[in-house]
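Q: Before I ask anything, here is the structure I am working with.
The values are calculated or read from the model by the stated rules, or taken from the named source; none is laboratory data. As the structure is a computational prediction, the values presented were derived from the model and not from experiment. Here the Cβ is made from the backbone with ideal geometry for all residues, glycine too, and neighbour counts use every protein chain on show.
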Amino acid sequence: MFVAQINAFMAEIHNLIPWFFPVLMVVFGGVFGSFLTCCLYRVPRHISLRHPASSCPSCYTTLGAKALIPVLSYLIFRGRCCYCQKPISPRYLFIELLSIFLCLLAWFIWGPQLVLLVAIAFVLCLQFAFLLFVFEHKIASKVLLFSIILLLILFINY
């Protein structure tokens, strides 16, 4: 009953504001992609995700808000640090764009349903596990296990 009410509410929002969920998927995908790049750098090095604040890997200057906007800051500063002008790896842009694409793909497949949240969580965890495996394969198995649990939840709901 609760799931049906949430699905009806989401469908009503979609009918009133059809662009709301796609824009939300772009924002959420970009923010998660940005967080994912942070995790891919910090987790294998046993650095806290909360402290210190994000900084340039070349000049170690703490990044301000304008340098932390997913995708846009990379494009605005032309792939360079806004402080020291050293190049930033295109890997950051790629991961953020991939996250946006995966969130939009989940939206187009599942639409305005509660299961969309589980699908997005699964897809983004799987992306994280894959990228960890590519860059640092030691931790990937734990994230992969969590992704499988989310996949089971996804299939149980269908």
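Q: Output the residues belonging to the stretch 32-69 that are of a type in the set (Gly, Ala, Ser) and surrounded by 11 or more Cβ atoms within 10 Å (Cβ to Cβ).
A: If the condition is that a residue be of a type in the set (Gly, Ala, Ser) and surrounded by 11 or more Cβ atoms within 10 Å (Cβ to Cβ), then Gly33, Ser34, Ser54, Ser55, Ser58, Gly64, Ala67 are the ones that fit.
Q: Go through the stretch 1-38 residue by residue and tally those that are farther than 13 Å from Cys103 by Cβ, in contact with a helix residue (DSSP H, G or I) (Cβ under 7 Å, 6 or more places away or on another chain), touching a residue at least 40 places away in the same chain (Cβ under 8 Å) and of a type in the set (A, V, I, L, M, F, W, C).
A: Number satisfying all stated conditions: 1.
Q: Need at least 2 residues that are modelled with pLDDT of 90 or more per element, so show me which helices (runs of 4 or more DSSP H) inside the stretch 64-147 make the cut, counting only ones lying wholly within it.
A: 72-76, 90-110
Q: Taking into account only those residues within the stretch 80-91 that are in contact with a strand residue (DSSP E or B) (Cβ under 7 Å, 6 or more places away or on another chain) and surrounded by fewer than 14 Cβ atoms within 10 Å (Cβ to Cβ), which is farthest from Val26 (Cα to Cα)?
A: Step by step, filter the stretch 80-91, then rank; the result is Lys86.
Q: Sticking with this structure for a sec: Among the residues of the stretch 59-116, how many are under 29 Å from His14 (Cα atoms) and among the polar types (S, T, N, Q)?
A: Total satisfying the criteria: 2.
Q: Report, by residue number, each residue of the stretch 34-88 that is among the small types (Gly, Ala, Ser) and under 24 Å from Phe128 (Cβ atoms).
A: Residues satisfying the conditions are Ser34, Ser48, Ala53, Ser54, Ser55, Ala67, Ser73, Gly79.
Q: Next question. Quick check on Ile100: is it within 14 Å of the chain's Cα centre (by Cα) and closer than 25 Å to Cys125 by Cβ?
A: For Ile100, the condition - within 14 Å of the chain's Cα centre (by Cα) and closer than 25 Å to Cys125 by Cβ - is met.
Q: Follow-up question, since we're still on this one. Just a yes or no: is a residue in the stretch 48-63 in a helix (DSSP H, G or I) and charged (D, E, K, R)?
A: Scanning the stretch 48-63 turns up no residue that is in a helix (DSSP H, G or I) and charged (D, E, K, R).
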